[in-house]
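All remarks here apply to the structure that follows.
The values are calculated or read from the model by the stated rules, or taken from the named source; none is laboratory data. It should be emphasised that the depicted structure is a prediction, and the values quoted were computed from it without experimental measurement. Here the Cβ positions follow ideal geometry from the backbone for every residue, glycine too, while neighbour counts run over all protein chains shown. These area figures cover heavy atoms from the full protein model, side chains too; ligands, DNA and RNA do not enter into them. Shrake-Rupley method; radii C 1.70, N 1.55, O 1.52, S 1.80 Å.
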Amino acid sequence: MTTLRPLLGDQLTRRISSLVDIDPDRDVVLMMEVMEEATYVRHHKQKIAFLFSAMRHFAADLRREGIRVVYVALDDPDNTGSFTGELARACAAVRPDRVVAAEPGEWRVEEAMRRWSAELGLPVEIRPDNRFLCSRAEFAGWQDGKASLVMEAFYREMRKRTGLLMEDGAPEGGRWNFDRENRKRLPSAATPPPPPDFPPDDTTREVLALVERRFGGHFGTLDGFRWAVTRTDALRALADFVENRLSAYGDYQDAMRQGGDFLYHSVLSPYLNSGLLTPEEVTRAAERAYREGWAPINAVEGFIRQIIGWREYVRGVYWARMPGYAETNALGATRPLPWFYWSGETAMNCLAQCVRGTAAHAWAHHIQRLMVLGNFALIAGIRPAELEEWFLVVYADAYEWVELPNVHGMILYADGGLLGSKPYAASGAYIDRMSDYCRHCRYDVRQRTGPDACPFNFLYWDFVMRHADRLAGNPRMKMPLDTLAKMSDARRAELRASAERFLLSDAMSPDPPAEARPGAGQLRLL
Ligand code: FAD
Ligand code: DLZ
Ligand code: SF4
């Protein structure tokens, strides 16, 4: 019996369920570079280049093992441009008895996969995606009947299940969570060692040229492409993080610095999400560092929580709540996304820095995504679908299963609090406390109203005023609501007027400036 095994671009692990029982003498693996996937949103150029190069290297590894691979390159003249079209073409050539695939990461693709059997007239088996520690079915069982889904409760279950950082059934260090220790400012003398660069080989250079040629107008730059594109190099990136940055990861997890794009973060998300690294090996490597005494508990617990807690949890929420999850807009946000999210051209230095880093690396660290890029969109009332598309486009680690719950739920509170217990809204004071961005900014973070006031300040209070009724019962919003209650009417009116002036100004325009529009020369995308 011949089995055709389609393998998607984010399933690049030899241990994926669709390959575990492969018969190299009869079976065929199908890998496809297709326009539909490259353009359903206009992904950052580095995201496309990273995946195409990693796919080509993975196909070469399979072939070295003696496995037959049908690899459809983007420029193949017969390429139909879609997974379904390419699967039909491969079926006509290979004539398999059946098709075996692993669950995809996105609802959109799974809908197409569910139609494959009828369209091809062949048995199609879709196996559980074993790149995660908690299956969709297990998560569905855990969340069943719960009105709100508390990540910390899920995380503790995962600690017990995996045995990570557990000692005789109790959490290592006597506590489940060391987050309180993980909010330090970065001292000016600290010099975080940068993550390693992996210079492009011939395959990557070919892909970079292809991407520039076919996707030159997409967001971002290919200059300085630094990603590992093989499992061997991804393992090197993991070892480098554990050796050089993990020990300070906890302390400075929430810190930001002008020009410091990576700080002590692992920068492993593109590898985890494409299959080059597994969550087991990454978390075990961190745990080993703790047991061998190179990294403290607050760093290792914090890092492991992101992976077996947040990562598994958001993926569980996505599959348990789709497709309805994407449709809600609990705060009724309708403002279009300002153009500066694409150009980086804004006088708000924190936002300019985060967009610049995103364009340069197709990556930004968590607190930049959460407290700068996300927080601004929340308090300015940006329409969820527009911000979701932006986050899906710009990051090399972005797939809908992880992007959507983070943006729709954690950032925008568009799910009405299913995922987060309160909106992550903050004024400029938070950004000032955790970074040096404000020192380089044209706005004054200490002023709350007027032309020089930091826009995060009046937008924050305007947000609290707009949603005061809805947030009134939330104990985590008590402090700002009490402060608001003590404010005079005149003060409130001033804050509202500053917010309104700013929101209606050119600074918030969703359109590129006239000189950057097509027809007025090259469209300026960073
Ligand atoms: P580290 O800080 O070193 O953390 C280790 C790992 O934990 C990460 O590699 C990642 O796999 C996992 N992780 C950490 N936080 C989260 C989280 N909130 N959700 C899921 N996994 C997490 N992460 C993505 O992988 N893809 C996305 O599209 C994505 N979009 C985000 C959008 C917003 C608005 C926010 C607030 C967060 C988003 N995240 C996303 C989570 C997080 O910001 C990134 O995983 C992290 O910045 C990746 O860098 P790192 O590998 O150095 O992470
Ligand atoms: C993101 C992406 C891109 C840009 N291109 C491809 C591709 O050409 N071929 C492919 O197999 N996968 C690609 N991907 C990743 C897919 O979008 C991803 O596998 C689906 O969204 C399912 O998670
Ligand atoms: Fe951002 Fe406000 Fe600080 Fe400027 S002053 S960097 S806008 S927080």
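A few remarks follow.
- Hey, Arg446 out of contact with any helix residue (DSSP H, G or I) (no Cβ under 9 Å at 6 or more places or on another chain), closer than 25 Å to Glu494 by Cβ and surrounded by fewer than 19 Cβ atoms within 10 Å (Cβ to Cβ) or not: no
- Consider segment 285-339 and keep the residues that are polar (S, T, N, Q) and in a helix (DSSP H, G or I). The one that is nearest to Leu238 (Cα to Cα) is Gln306.
- Checked against the criterion of being in the same structural domain as Ala359 (by TED's automatic domain parsing) and modelled with pLDDT of 95 or more, the candidates Arg491, Arg476 yield just one match: Arg491.
- Residue among Ala90, Ala54 that alone is open to solvent by less than 20 Å² (accessible area, probe 1.4 Å) and over 29 Å from Thr232 (Cα atoms): Ala90
- Of the set (1) open to solvent by 10 Å² or more (accessible area, probe 1.4 Å); (2) not assigned by TED's automatic domain parsing to the domain that holds Gly260, all apply to Trp294 but (2).
- None of Glu125, Glu86 is within 14 Å of ligand 2 (Cβ to nearest atom) and modelled with pLDDT of 95 or more except Glu86.
- Close pairs (9 angstrom Cβ cut-off, 6 or more residues apart or separate chains): within 8 Å of ligand 2 (Cβ to nearest atom) in segment 25-40, part of a strand (DSSP E or B) and aromatic (Phe, Trp, Tyr) anywhere: Met31/Tyr71; Met32/Tyr71; Glu33/Tyr71
- Here Pro270 meets each of (1) open to solvent by less than 10 Å² (accessible area, probe 1.4 Å); (2) in a loop (DSSP other than H, G, I, E, B) with one exception, condition (2).
- Odd one out for Tyr40, checked against (1) in contact with a Lys or Arg (Cβ under 9 Å, 6 or more places away or on another chain); (2) aromatic (Phe, Trp, Tyr); (3) more than 16 Å from ligand 1 (Cβ to nearest atom): (3)
- Inside segment 398-431, residues that are within 17 Å of Trp107 (Cα to Cα) and open to solvent by 10 Å² or more (accessible area, probe 1.4 Å) make up a count of 5.
- Residue among Asp78, Asp10, Asp23, Asp61 that is modelled with pLDDT of 95 or more and surrounded by 18 or more Cβ atoms within 10 Å (Cβ to Cβ): Asp10
- Qualifying residue in segment 83-99 (condition: closer than 27 Å to Met410 by Cβ, under 25 Å from the mean Cα position of the chain (by Cα) and either assigned by TED's automatic domain parsing to the domain that holds Val34 or of a type in the set (A, V, I, L, M, F, W, C) (or both)): no
- Test: residue in segment 341-356 that is over 28 Å from Phe225 (Cβ atoms) and open to solvent by 10 Å² or more (accessible area, probe 1.4 Å): yes
Conditions tested, residue by residue: (1) farther than 19 Å from Arg161 by Cβ; (2) crowded, with 22+ Cβ neighbours inside 10 Å.
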residue: Tyr252; (1), (2): yes, yes
residue: Gly259; (1), (2): yes, no
residue: Glu281; (1), (2): no, no
residue: Trp310; (1), (2): no, no
residue: Val314; (1), (2): no, no
residue: Ala326; (1), (2): yes, no
residue: Gly332; (1), (2): yes, no
residue: Leu337; (1), (2): yes, no
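- When residues of segment 275-329 are limited to those that are in contact with a Ser or Thr (Cβ under 8 Å, 6 or more places away or on another chain) and of a type in the set (S, T, N, Q), the one farthest from Leu149 (Cα to Cα): Thr278
- Number of positions in segment 250-295 that are more than 18 Å from the chain's Cα centre (by Cα) and β-branched (Val, Ile, Thr): 1
- Exactly one residue among Ala118, Ala101, Ala147 is surrounded by 16 or more Cβ atoms within 10 Å (Cβ to Cβ), at negative phi and not acidic (Asp, Glu), and that residue is Ala101.
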